[in-house]
Amino acid sequence: MKIISEQLCLLFLFVFYGYILGKSRRIKQEHTQILSGLETYLFLPCTIFRAFSNSFQVENLRTYYPLILISAGVLGVLLCGSYFIAGALGRDGYEKNVFRYSIIVSNYGYMGYALAEGLYGTDGLLRMILFSIPFSFYIYTYGFCMLTGREFSLKKLFHPVTMSIFIGIVFGLSGLSLPAVAETFIAKSAACMAPVSMLLAGITMSEFDAKELISDKRIYLISVVRLVLVPGMVLLFLKPFFSETVVRTAILLCAMPCGMNTIVFPRLVGQDCKAGAKLAFVSSILCIVSIPVLLNLI
């Protein structure tokens, strides 16, 4: 419990500092598009490539392939369930898309990866990334289109994040290595992922009045679904049949707060991200309690 709480507090220090920077106007809101672009096209792909190239081996795939199958099943259930919940709570088409996305996708990319590595080391990060593969394909294809208003295209499969998975697998299985300077570049870029994403969240949240962020009751309903109902159901169905390692990985991904891409993607194309900011703010505060409790139930 102490280790989990320390890791969460460390991440939220960056959120708080980002909030202060935004409120003080030291960093302007239009600058967040730059941070969003760096996260999407550099820091996150480097994190994923580094994990796969360093740890992805045949024996790991044989051991952990159930993670990918379980994840695909969880994603399928969430796609169906979120349609009805978001449809009942959303006021317009775009808000329904944001609510639906927030139920389906947790903040595993910006917070979950950092927390998994902090708690369980490189192996924990690898398991988390393997489990997230189906979600990653959803995010950077249909999910991206939902949040940006862009038309769906199979070209989205060639997104830097999905490509970093494939290239990382090739390097991991083949034993290929990059030149030392390239390895250093990737390692230093990956180290920026969690801090910059949390700073981005804080800066974006500072754009809105604190009362405005916490006054919408629907946000609390979505947050409870995201933080309690989804991981609780996963725990209930997986614990009797799978190892603690598999269950822990699934719960850690599903227990994360609402995905940050409801801020990152709209900001990337200059669209409104108020609904996403509300969900990120409320669910991120509540997860300080819910994540330690859930992980200690395993």
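The values are calculated or read from the model by the stated rules, or taken from the named source; none is laboratory data. Treat the numbers as computed from the prediction; the structure is a model and nothing was measured. Cβ coordinates were reconstructed from backbone atoms using ideal geometry, including for glycine residues, and neighbour counts include every protein chain displayed. Keep in mind that these areas ignore ligands, DNA and RNA; they rest on the heavy atoms of the full protein, side chains included. Shrake-Rupley method; radii C 1.70, N 1.55, O 1.52, S 1.80 Å.
A210 to E95: FRET efficiency via 1/(1 + (r/R0)^6), r the Cβ-Cβ distance, R0 25 Å, to the nearest 0.05?
0.75
How many Å² of accessible area per residue for the chain, probe 1.4 Å?
With all protein chains present, the chain gives 44 Å² per residue.
Rg (Å, one decimal) plus Dmax (Å, integer) for the alpha carbons of the chain?
18.0, 53
Under 12 Å from the Cβ of E95, count the other residues' Cβ atoms, weight Lys and Arg +1, Asp and Glu -1, and hand me the total.
Here the charged neighbours net out to +3.
I want to check the label-to-label distance for E30 and A72. Put each point 7 Å from Cα in the C-beta direction and report it in nm to one decimal.
For the pair E30/A72, the computed spacing is 4.6 nm.
Taking a ≥ b ≥ c as the square roots of the Cα gyration tensor eigenvalues, with a/c under 1.5 meaning rounded and otherwise prolate when a/b beats b/c, else oblate, which class fits the stretch 17-136?
Oblate, because a/c is 1.5 or more while a/b does not exceed b/c.
Which percent of the accessible heavy-atom area of the chain goes to carbon and sulfur, probe 1.4 angstrom?
Carbon plus sulfur share of accessible area: 66 percent.
Take each complete run of DSSP H in the chain, measure how far its Cα atoms stretch along the helix's own axis, and keep only those covering 20 Å or more with mean Kyte-Doolittle hydropathy at least 1.0; list them.
Sorted by number, the helices that extend far enough and score high enough are 2-23, 58-89, 160-174, 274-295.
Among all lysine pairs in the chain that are eight or more places apart or on different chains, how many have alpha carbons less than 19 angstrom apart?
Eligible lysine pairs with Cα atoms under 19 Å apart amount to 11.
Starting with the highest mean, order 64-76, 177-189 by the number of other Cβ atoms within 10 Å, averaged over the residues of each peptide.
Ranked from most to least packed, the peptides come out as 64-76, 177-189.
Using 1/(1 + (r/R0)^6) with R0 = 22 angstrom and r between the beta carbons of F237 and T148, what's the FRET efficiency to the nearest 0.05?
For F237 and T148, the calculated efficiency is 0.10.
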